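A.B. asks: Attaching a single structure in structure tokens format; questions to follow.
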Amino acid sequence: MPKRLEKDNREELVHIGAGKVTLEGALAIPDGAPGLVLFAHGSGSSRLSPRNNFVARELRKAGLGTLLMDLLTREEDTVYETRFDINLLAERLSEATVWLRGRTDTEALRIGYFGASTGAAAAIQAAVSVGPVIGAVVSRGGRPDLAEPYLGRLITPTLLIVGGMDDVVIELNRKAYAMMKAEKELVIVPGATHLFEEPGTLEEVARLAANWFKTHLHPVKTHTR
């Protein structure tokens with residue numbers, strides 16, 4: 001049985017096999033959750049990211065399940081090039097999705113991806129690879145442009161959130177947005193910089209993300225065993 005974390009009696013410390021490595025994560029599923037959001041962190045970040053943990057808590061308050069996991073091992077995270085290996089990060093997301101689909105308590109949940117920075121590119125690429133089981137993608141200050149070959153193939157409803165003072169990333173998101181054919185929305189949060197550290201800005205990200213996921217995540221049908 002997975003070890004439960006003391007800080008939240010609904011949160012489980014889980015270990016996910018991904019090829020030759022095992023990745024650690026924190027899984028939490030509120031009663032009656034219609035869907036579950038898998039977080040893809042940006043370069044140099046981890047499942048302990050205070051910003052993503054804040055958003056995850058708000059999503060759970062909205063009734064959604066969350067899985068915060070490290071997409072890289074500690075050793076892999078020390079290699080600069082690996083942090084920006086979008087193909088590897090997307091593959092890890094896909095493997096985590098397969099793992100979730102193999103659990104009896106999560107197999108019927110539609111899955112969403114929440115990506116930050118480079119994690120947003122990995123989320124988009126993985127959504128294309130995994131297919132319709134991914135019900136929604138949200139990008140926070142993301143780099144969807146790094147998944148350019150996949151943007152036109154994306155069918156998953158996708159929300160891009162960018163800080164109003166993050167000029168370079170705004171332009172990159174606008175270019176990526178123009179290439180996307182899926183249901184999409186681009187929201188620029190006034191007064192926010194790249195990390196959304198300004199008062200109230202991260203709360204707005206969480207509100208936008210919760211609304212997007214609750215709109216698009218619905219349980220999927222499973223075969224009778």
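A.B. asks: Going residue by residue through the range 144-163, is there one that turns out to be in contact (Cβ under 8 Å) with a residue 60 or more places away in the chain and not polar (S, T, N, Q)? Steps first, please.
C.D. replies: Residues of the range 144-163 that are in contact (Cβ under 8 Å) with a residue 60 or more places away in the chain, as a first pass: 146-147.
Okay, now just the ones that are also not polar (S, T, N, Q), so 146-147.
Checked against the condition, which is being in contact (Cβ under 8 Å) with a residue 60 or more places away in the chain and not polar (S, T, N, Q), the range 144-163 yields at least one hit.
A.B. asks: Mind listing whichever residues of the range 187-213 are in contact with a helix residue (DSSP H, G or I) (Cβ under 9 Å, 6 or more places away or on another chain) and in a helix (DSSP H, G or I)? First the steps, then the outcome.
C.D. replies: Filtering the range 187-213 for residues in contact with a helix residue (DSSP H, G or I) (Cβ under 9 Å, 6 or more places away or on another chain) gives 187-197, 202-203, 205-207, 209-210, 213.
Hits for the range 187-213 are LEU202, GLU203, VAL205, ALA206, ARG207, ALA209, ALA210, PHE213.
A.B. asks: Assess whether GLU58 counts as being under 27 Å from VAL205 (Cα atoms) and either touching a residue at least 12 places away in the same chain (Cβ under 8 Å) or in contact with an Asp or Glu (Cβ under 6 Å, 6 or more places away or on another chain) (or both). If you could, list the steps in order and put the result at the bottom.
C.D. replies: Numbers: under 27 Å from VAL205 (Cα atoms): yes; either touching a residue at least 12 places away in the same chain (Cβ under 8 Å) or in contact with an Asp or Glu (Cβ under 6 Å, 6 or more places away or on another chain) (or both): yes.
In short, yes.
A.B. asks: Among the residues of the range 136-161, how many are outside any loop (DSSP other than H, G, I, E, B) and either of a type in the set (D, E, K, R) or within 15 Å of the chain's Cα centre (by Cα) (or both)?
C.D. replies: Restricting attention to the range 136-161, the residues satisfying the condition of being outside any loop (DSSP other than H, G, I, E, B) are 136-140, 144-151, 158-161.
The next check asks that each one be either of a type in the set (D, E, K, R) or within 15 Å of the chain's Cα centre (by Cα) (or both); those that pass are 136-140, 144-145, 147-148, 158-161.
So the answer is 13.
A.B. asks: Return yes or no: is VAL168 among the aliphatic types (A, V, I, L, M), closer than 21 Å to THR118 by Cβ, assigned to a helix (DSSP H, G or I) and without any contact (Cβ under 8 Å) to a residue 24 or more places away in the chain?
C.D. replies: Considered against the rule, which asks whether it is among the aliphatic types (A, V, I, L, M), closer than 21 Å to THR118 by Cβ, assigned to a helix (DSSP H, G or I) and without any contact (Cβ under 8 Å) to a residue 24 or more places away in the chain, VAL168 comes out as yes.
A.B. asks: For the range 1-111, list the helices (runs of 4 or more DSSP H) that sit wholly inside it and hold at least 3 residues that are at pLDDT 95 or above and surrounded by 16 or more Cβ atoms within 10 Å (Cβ to Cβ); which are they? Steps first, answer last, please.
C.D. replies: Numbers: elements: 50-61, 74-77, 80-83, 86-101.
Correct list: 50-61, 86-101.
A.B. asks: In addition: Could you list, in sequence order, all residues of the range 101-115 that are farther than 18 Å from GLU91 by Cβ and not hydrophobic (A, V, I, L, M, F, W, C)?
C.D. replies: ARG103, THR104, ASP105, THR106, GLU107, ARG110, GLY112
A.B. asks: Between a residue in the range 181-199 that is under 18 Å from ASN52 (Cα atoms) and any residue that is part of a loop (DSSP other than H, G, I, E, B) and among the charged types (D, E, K, R), which pairs come within a Cβ distance under 8 Å, given they are 6 or more apart or on different chains?
C.D. replies: Between residues of the range 181-199 that are under 18 Å from ASN52 (Cα atoms) and residues that are part of a loop (DSSP other than H, G, I, E, B) and among the charged types (D, E, K, R), the close pairs are ALA192/ASP166; ALA192/GLU198; THR193/ASP166; HIS194/ASP166.
The values are calculated or read from the model by the stated rules, or taken from the named source; none is laboratory data. Owing to the predicted nature of the structure, the values given are computational and were not obtained by experimental measurement. Glycine gets a Cβ as well: all are built from the backbone with ideal geometry, and neighbour counts include every protein chain shown.
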